[in-house]
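These notes concern the structure reproduced below.
The values are calculated or read from the model by the stated rules, or taken from the named source; none is laboratory data. Keep in mind the model is a prediction, meaning the values are calculated, not measured. In this analysis, Cβ positions are derived from the backbone assuming ideal geometry, glycine residues included, and neighbour counts consider all displayed protein chains. Please note that ligands, DNA and RNA were not included when accessible areas were found on the heavy atoms of the full protein model with its side chains. Shrake-Rupley method; radii C 1.70, N 1.55, O 1.52, S 1.80 Å.
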Amino acid sequence: MARLLLLNGPNLNLLGQREPNHYGATTLGDIEDNCRQLAIEAGHTLDCFQNNSEGTLIDRIHQASTDGVDFILFNPGGYTHTSVALRDALAAVKIAFIEIHLSNVHAREPFRQHSYFSALATGVISGFGAQGYALAMQAVIEQIAGQKQS
Ligand code: DQA
């Protein structure tokens, strides 16, 4: 059994109402429920956390290390393009993570095309809407199964 953490950054609490042309109609609650279900079916546990503040997200990443979290799934929202401090937190705890974006950030404004996280991530999923979270869960579950075999 692995311990997983789904982290969502600023404004993602507004999913379902926020710019649905970019982010779709699914709420964060529905995404979290679906991911939790996928984790349980695979025999893992998933904690979910969303916050709008950089420092609180950093503290949650430090806490993940104390808790023995094995893998993080992270949509850093706007901090993707600005936060050295959040990137440093992930580097410090050395927990593998997948970077998720609902929208295809590479098809949008130039300032969204740089991420402070991608070079550190196990992988990046961008542009598949809410389905991207399920794809990330599938990837994490397979990674964990592969680690057990090797
Ligand atoms: C986002 C993309 C970011 O550029 C944006 O600031 C977000 C959401 C996405 O999921 O597509 O808040 O991370």
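Quick notes on this structure:
- Counted residues, the range 1-45 - those being under 17 Å from Ile95 (Cβ atoms) and in contact with a Cys (Cβ under 6 Å, 6 or more places away or on another chain): 1
- For first residues located in the range 13-31 and within 12 Å of Gly77 (Cα to Cα), partners that are away from the ligand (no atom under 11 Å from the Cβ) and open to solvent by 70 Å² or more (accessible area, probe 1.4 Å) and lie 6+ apart or on another chain with Cβ distances below 9 Å form the pairs Leu15/Ala25; Leu15/Asp30.
- As a summary of the residue check, His101 satisfies the conditions (1) away from the ligand (no atom under 16 Å from the Cβ); (2) in contact with a strand residue (DSSP E or B) (Cβ under 6 Å, 6 or more places away or on another chain) except for the one numbered (1).
- Filter result for the condition that a residue is at pLDDT 95 or above, among the β-branched types (Val, Ile, Thr) and in contact with a Gly (Cβ under 7 Å, 6 or more places away or on another chain), over Ile141, Ile100: Ile100
- Condition check for Tyr133 on (1) open to solvent by less than 50 Å² (accessible area, probe 1.4 Å); (2) of a type outside the set (A, V, I, L, M); (3) part of a helix (DSSP H, G or I); (4) farther than 25 Å from Asp88 by Cα: one failure, at (4).
- For the range 72-126, filtered to residues that are of a type in the set (Gly, Ala, Ser) and in a strand (DSSP E or B), the residue that is surrounded by the most Cβ atoms within 10 Å (Cβ to Cβ) is Ser126.
- Residues located in the range 117-130, provided they are away from the ligand (no atom under 12 Å from the Cβ) and of a type outside the set (Gly, Ala, Ser): Leu120, Thr122
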